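Structure first, then comments.
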Amino acid sequence: MPQIAQLMEVYGSQFFWLLIVIGIIYFFIAKNMVPKISKTVDDRQKRITDDLAAAQAAQDRAEQIEEDYRTSINDAKSNAVSKVNEAKAEAAKKNEAAVKRADTSIAKKADEADTALKAATATALTEIEAVAAEAAKDIVATVSGTKVTAAQAKKAVKAAF
Amino acid sequence: MAEEGKIDPMSQFAIEPIVGGFELFGQQISFTNSALWMFVVLGLIYVFMIGGMKRELVPGRWQIMVEGVVGFVDNIIATSISGPAGKKYTPWVFTLFMFILFANLLGMMPLGIIPGIHPFTVTSQFTVTGILAVISFSIVLIVGFWKHKLKFFSLFIPHGTPLPMIPLIFMVELLSFMVRPFSLALRLFVAMIAGHILIKVFANFVIQAIDAGGASILVAILSIVFIAFVSALELLVCAIQAYVFALLTSLYINDAENLH
């Protein structure tokens with residue numbers, strides 16, 4: 001086995017060159033290059049995480065905007081509906097009031113007409129009575145020759161009515 | 001390699017100096033084929049990592065591979081070492097994982113078919129796996145005693161151990177703790193050397209069977225099929241051993257960081 005047979009003559013150079021090579025790998029590659037590569041990987045990972053977070057934030061904001069939009073639309077819709085209802089109610093109220101007013105004025109006019117009619121009837125009746133009494137007095141005078149006072153005639157006419 | 005028409009399955013592990021170097025602490029340091037392949041591993045890791053350094057927001061295939069490996073090691077650390085303290089061990093676990101993975105895979109590449117190139121598996125040397133294991137074990141010891149002082153020894157007494165059993169359990173646990181660097185180093189070393197020897201031995205069968213001619217050609221075909229299967233298995237083992245080494249190191253560091 002050359003490893004054992006040659007041990008005493010080669011161990012010095014083996015150790016010497018191995019330590020140099022290992023030292024170069026350790027100090028120049030493992031200590032210098034590896035952290036940079038690790039950093040590249042970490043940076044990339046961080047970038048990906050950040051980008052994902054930014055995308056998530058953007059999506060959240062878009063969703064928020066959409067929701068805001070929806071609520072504002074809904075608000076506007078309900079607002080419009082309530083306005084329409086209000087207007088309808090107002091119009092109905094106005095209508096009702098106008099009808100009421102018309103009703104009362106009509107009723108008033110009817111009442112007036114009624115009273116006027118009644119008064120006219122009463123006047124007419126008294127006039128008729130008077131005319132009748134006159135006529136009765138005249139008729140009595142003509143037929144019987146008896147003079148009848150106006151008061152008697154009136155009484156008789158009233159009784160006849 | 002070939003000696004009297006035979007392949008020596010062990011010669012692939014032989015270390016040969018390319019450039020005779022200098023002397024350090026009384027030891028001859030020469031640039032060997034082992035050192036050369038270590039630098040090839042280093043270069044491959046560097047090229048691989050550079051491909052992931054474009055740092056684009058939308059990664060290409062290469063960048064995804066690099067980021068996948070980095071994420072894999074981060075994941076080992078995150079699941080093995082509880083608490084935020086694990087982050088500071090990422091460079092070492094990454095170094096271990098990448099060096100072992102690339103060294104293992106490079107050893108399995110069929111580069112031997114190119115004349116003049118003799119592939120060498122760096123991790124099939126226990127001098128290499130041993131150093132890696134010793135560094136990992138040293139980190140465990142230093143962190144453990146630095147953070148918990150002498151309380152670190154409570155690691156060797158599991159919760160709810162009856163009082164008379166404590167000395168015995170302590171010795172057993174201490175022994176299993178001390179064995180960790182050896183098991184760590186030998187597991188990788190043995191896994192690598194075994195696969196390579198197996199493939200070489202069966203390659204030897206192929207050549208001998210063809211030399212013999214006749215009906216033994218069947219043996220050659222069977223051996224080639226077997227080599228294909230073992231190679232596929234070894235590619236899996238390459239990745240698993242790198243993973244196991246990195247995972248066990250993080251688990252041992254977790255012991256040192258959090259005791260139990």
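Structure above, values below:
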{"item": "Qualifying residues in the range B:179-194 (those that are farther than 30 Å from B:Ile227 by Cβ and touching a helix residue (DSSP H, G or I) at 6+ places or on another chain (Cβ under 9 Å)) - the one surrounded by the most Cβ atoms within 10 Å (Cβ to Cβ)", "result": "B:Pro181"}
{"item": "Test: residue in the range A:143-151 that is over 30 Å from B:Leu57 (Cβ atoms), free of Cβ contacts under 8 Å to residues at least 12 places away in the same chain, part of a helix (DSSP H, G or I) and not hydroxyl-bearing (Ser, Thr, Tyr)", "result": "yes"}
{"item": "Within the range B:109-154, considering residues that are away from every other protein chain (no Cβ under 14 Å) and crowded, with 19+ Cβ neighbours inside 10 Å, the one nearest to the chain's Cα centre (by Cα)", "result": "B:Phe137"}
{"item": "Some residue of the range B:131-153 being on the phi > 0 side of the Ramachandran plot and at pLDDT below 90", "result": "yes"}
{"item": "Every residue from the range B:18-61 that is aromatic (Phe, Trp, Tyr) and within 18 Å of B:Val122 (Cβ to Cβ)", "result": "B:Phe31, B:Trp37, B:Phe39, B:Tyr46, B:Phe48"}
{"item": "Residue identified as farther than 30 Å from B:Ser154 by Cβ, part of a helix (DSSP H, G or I) and aliphatic (A, V, I, L, M) among B:Leu248, B:Leu236", "result": "B:Leu236"}
{"item": "Any chance A:Val84 is of a type outside the set (Gly, Ala, Ser), touching an Asp or Glu at 6+ places or on another chain (Cβ under 9 Å) and part of a helix (DSSP H, G or I)", "result": "no"}
{"item": "Test set (1) among the hydroxyl-bearing types (Ser, Thr, Tyr); (2) part of a helix (DSSP H, G or I); (3) over 30 Å from B:Asn33 (Cβ atoms) - B:Thr123 fails condition number", "result": "(3)"}
{"item": "Residue count for the range B:51-72, restricted to those that are under 13 Å from B:Ala246 (Cβ atoms) and more than 8 Å from every other protein chain (Cβ to nearest Cβ)", "result": "2"}
{"item": "Condition met for A:Ile4 (under 30 Å from B:Ile15 (Cα atoms), in a helix (DSSP H, G or I) and either facing chain B (nearest Cβ under 7 Å) or touching a residue at least 40 places away in the same chain (Cβ under 8 Å) (or both))", "result": "no"}
{"item": "Matching residues, the range A:29-54, being under 25 Å from B:Leu132 (Cβ atoms) and either outside any helix (DSSP H, G or I) or more than 8 Å from chain B (Cβ to nearest Cβ) (or both)", "result": "A:Asn32, A:Pro35"}
{"item": "Filter result for the condition that a residue is at pLDDT 90 or above and facing another protein chain (nearest Cβ under 8 Å), over B:Met98, B:Met10", "result": "B:Met98"}
{"item": "A:Val21 being assigned to a helix (DSSP H, G or I), at the interface with another protein chain (Cβ under 8 Å from one of its Cβ atoms) and over 60 Å from the mean Cα position of the chain (by Cα)", "result": "yes"}
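The values are calculated or read from the model by the stated rules, or taken from the named source; none is laboratory data. All figures in this text were calculated on a predicted structure; none of them were measured in a lab. We place every Cβ from the backbone using ideal geometry, glycine too, and count neighbours over all the protein chains shown.
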